[in-house]
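The next block holds one structure in the form of structure tokens; read it before the comments.
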Amino acid sequence: MENEREKRSLGAHVRAVREAQGVSQRQLALMTGTSRSYLWKIETGAADVGIDVLCRIARALDANVADFIDF
């Protein structure tokens with residue numbers, strides 16, 4: 001797929017911010033109304049992520065959506 005690199009990059013940024021704040025995937029899932037397995041897929045670049053979910057992740061981690069996008 002043509003967006004694989006971008007999805008992996010976005011997921012790596014989400015993981016880095018989450019881990020830097022000491023938040024587990026389970027905690028972030030509860031904070032965002034998603035499942036832990038879906039967050040794992042986002043962080044590994046295996047899932048497409050909608051802007052609404054990305055906004056909820058950014059809010060939960062007190063970050064900007066732009067913090068996760070580096071492409």
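The values are calculated or read from the model by the stated rules, or taken from the named source; none is laboratory data. All values reported here derive from a predicted model rather than from experimental measurement. Don't worry about glycine lacking a Cβ; one is built from the backbone with ideal geometry, like all the others, and counts go over all protein chains shown. Just the protein is used for accessible areas: all its heavy atoms, side chains included, with ligands, DNA and RNA removed. Shrake-Rupley method; radii C 1.70, N 1.55, O 1.52, S 1.80 Å.
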- line: Taking first residues from segment 22-39 that are of a type in the set (Phe, Trp, Tyr) and second residues anywhere that are open to solvent by 30 Å² or more (accessible area, probe 1.4 Å) and modelled with pLDDT under 95, the pairs with Cβ under 9 Å that are 6 or more apart or on different chains are 38/49
message: Restricting to segment 2-24, count the residues that are in a helix (DSSP H, G or I), surrounded by 13 or more Cβ atoms within 10 Å (Cβ to Cβ), out of contact with any helix residue (DSSP H, G or I) (no Cβ under 8 Å at 6 or more places or on another chain) and not charged (D, E, K, R).
response: 2
- request: Would you be able to say whether some residue in segment 48-70 is in a helix (DSSP H, G or I), touching a residue at least 40 places away in the same chain (Cβ under 8 Å), among the acidic types (Asp, Glu) and in contact with a helix residue (DSSP H, G or I) (Cβ under 7 Å, 6 or more places away or on another chain)?
  value: yes
Checking residue 34 against (1) in a helix (DSSP H, G or I); (2) touching a helix residue (DSSP H, G or I) at 6+ places or on another chain (Cβ under 7 Å), the condition it does not meet: (1)
query: Out of all the residues in segment 47-68, which are of a type in the set (A, V, I, L, M) and open to solvent by 70 Å² or more (accessible area, probe 1.4 Å)?
result: 51, 66
